[in-house]
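S.K.: Have a look at this one before I ask anything.
The values are calculated or read from the model by the stated rules, or taken from the named source; none is laboratory data. All of these numbers come straight from a predicted model, not from anything done at the bench. Cβ sites come from the backbone with ideal geometry, for glycine too, and all protein chains shown count toward neighbours. What goes into the accessible areas is simple: the full protein's heavy atoms, side chains included, and nothing from ligands, DNA or RNA. Shrake-Rupley method; radii C 1.70, N 1.55, O 1.52, S 1.80 Å.
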Number of protein chains: 2
Amino acid sequence: MPSLTICYNGLTFEQLFNYNLNMENVDLDTVNKVKPKMPDTTLLYELSDFFKLMGDSTRIQLLWALEENEMCVGELALLLNMTKSAVSHQLKTLRSAKLVKAQKRGKNVFYALSDHHVRTVLEMALEHVAE
Amino acid sequence: MPSLTICYNGLTFEQLFNYNLNMENVDLDTVNKVKPKMPDTTLLYELSDFFKLMGDSTRIQLLWALEENEMCVGELALLLNMTKSAVSHQLKTLRSAKLVKAQKRGKNVFYALSDHHVRTVLEMALEHVAE
DNA sequence: ATTATAGTTGAACAACTGTTCAACTGTCAA
DNA sequence: TTGACAGTTGAACAGTTGTTCAACTATAAT
């Protein structure tokens, strides 16, 4: 069976359909009105990176715990029932996002919240989750 | 070279080390004091699921846009310069989390924020990101 | 009735992420 | 100086996630 394929710019019909090259029923005014209000790329990624950071149960537990008390890695591992390695990896992530700070005392490394803004964000989310 | 491996409960030394079976230098009092304050599993996952949901730049853009105006899928796709398919998939995610609601009008499906709590959470995060 | 547009869907794919594993560094005590 | 513990690290692995692709349904217009 011979088949005939017509393309535009190397794209098949399907691909042309999937891209928004054939839309009639959209209100361009609305789109153009909203467009300038959209966040710029930098802000957008800062926002989503922040939420991604909070979007892990282990990291939430760590932040939650450190809100109560500064603790060393071993204590946190015991509290969360995880290996020190796993905890250490996550603390590194939180540290590089400046959410926690580390301080070495003797053989131990004690972690604490960098600032208490985290509490506010958590409380806000709690409110939302509570419906 | 003959090697001697001694195990406990089928675990090697390495594994015993990695698990917290040999910790001396932790303050058990601290751990026991904090433990009852930790969130229960359900709340923990509700929180992290909520943050996960917000932790994607496409979804943030969708919510941000819908805060300005209700819009149909095609308009959102045009605004974000994405395929309708990709947008539809993400809207489905947001809808099943009850963050947006859909309403079919003619050939179009219009999406709007379910409640304006989202704005509060976004503003809170903006504040944090702004340092 | 036929055709075109709007949107949805599931499978496939690639990219990302969290934990484990094993080996390592640094500090204290004997 | 040796041994034990505290913590870190990078590679590997498995599980998850977002987009694409292709096919589908539904509505409107001719």
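S.K.: Go through (1) within 10 Å of DNA strand D (Cβ to nearest atom); (2) open to solvent by 20 Å² or more (accessible area, probe 1.4 Å) for A:Gly55 and report which single condition fails.
M.R.: (2)
S.K.: Tally the residues that are in contact with a helix residue (DSSP H, G or I) (Cβ under 7 Å, 6 or more places away or on another chain), more than 13 Å from DNA strand C (Cβ to nearest atom) and either among the acidic types (Asp, Glu) or not in a helix (DSSP H, G or I) (or both), restricting the search to segment A:15-65.
M.R.: Adding up the residues that qualify gives 3.
S.K.: Name every residue in segment B:72-86 that is near DNA strand C (Cβ under 8 Å from one of its atoms), at the interface with chain A (Cβ under 8 Å from one of its Cβ atoms) and crowded, with 18+ Cβ neighbours inside 10 Å, in order of residue number.
M.R.: Answer for segment B:72-86, where residues must be near DNA strand C (Cβ under 8 Å from one of its atoms), at the interface with chain A (Cβ under 8 Å from one of its Cβ atoms) and crowded, with 18+ Cβ neighbours inside 10 Å: B:Cys72, B:Gly74, B:Glu75, B:Ala77, B:Lys84.
S.K.: Next question, about the same structure. With within 11 Å of DNA strand D (Cβ to nearest atom), closer than 29 Å to B:Leu126 by Cβ and either among the basic types (Lys, Arg) or part of a strand (DSSP E or B) (or both) as the only criterion, which of A:Ala102, A:Ala112 stands out?
M.R.: So the residue among A:Ala102, A:Ala112 that is within 11 Å of DNA strand D (Cβ to nearest atom), closer than 29 Å to B:Leu126 by Cβ and either among the basic types (Lys, Arg) or part of a strand (DSSP E or B) (or both) is A:Ala102.
S.K.: Working carefully through the options B:Arg95, B:Arg119, find the one that is modelled with pLDDT of 95 or more and either open to solvent by less than 40 Å² (accessible area, probe 1.4 Å) or more than 10 Å from chain A (Cβ to nearest Cβ) (or both).
M.R.: Criteria check complete, one pass: B:Arg95.
S.K.: Mind checking which residues of segment A:103-115 are open to solvent by 50 Å² or more (accessible area, probe 1.4 Å) and more than 11 Å from chain B (Cβ to nearest Cβ)?
M.R.: Listed by number, the residues that qualify are A:Gln103, A:Lys104.
S.K.: Please tell me if A:His89 is open to solvent by 70 Å² or more (accessible area, probe 1.4 Å) and under 24 Å from the mean Cα position of the chain (by Cα). Explain how you work it out, then say what you get.
M.R.: Values: open to solvent by 70 Å² or more (accessible area, probe 1.4 Å): yes; under 24 Å from the mean Cα position of the chain (by Cα): yes.
Yes: the conditions hold for A:His89.
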